[in-house]
């Protein structure tokens, strides 16, 4: 769990079950993540920030991580739709 600055395991039960494209799984934990990023305006970086995200849930086998989201936004792609029908 090196991505998390703090992390807490969550015991599996019916309240933290999630449905995925391949079936169902459980949220195994939650924690806090800090992201370093740049803020752009008109194609120019105007400042660098660190943003705290909490709670961030850990679900095993999910391949779409925060890191992947950041790279997609950097490429100026956008998401449309709602889960599970996201288009990029």
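The values are calculated or read from the model by the stated rules, or taken from the named source; none is laboratory data. Because the structure is a prediction, the values reported are computed rather than measured. Cβ: placed from backbone, ideal geometry, glycine included. Neighbour counts: every protein chain shown.
I'd like the residue in the stretch 1-34 that is in a strand (DSSP E or B) and touching a helix residue (DSSP H, G or I) at 6+ places or on another chain (Cβ under 7 Å) and, out of all such residues, is surrounded by the most Cβ atoms within 10 Å (Cβ to Cβ). Going through the qualifying residues, I end up with 33. For beta carbons closer than 9 Å, sequence separation of 6+ or different chains, a first residue in the stretch 43-65 that is on the phi > 0 side of the Ramachandran plot and in a loop (DSSP other than H, G, I, E, B) and a second that is surrounded by fewer than 10 Cβ atoms within 10 Å (Cβ to Cβ) and modelled with pLDDT under 85, the qualifying pairs are 61/22.
Only one residue in 52, 41 is at pLDDT 85 or above, out of contact with any helix residue (DSSP H, G or I) (no Cβ under 7 Å at 6 or more places or on another chain) and loosely packed, with under 11 Cβ neighbours inside 10 Å. Which one? Outline the logic, then answer.
Working: 41 fails: at pLDDT 85 or above.
Just one listed residue meets the conditions, 52.
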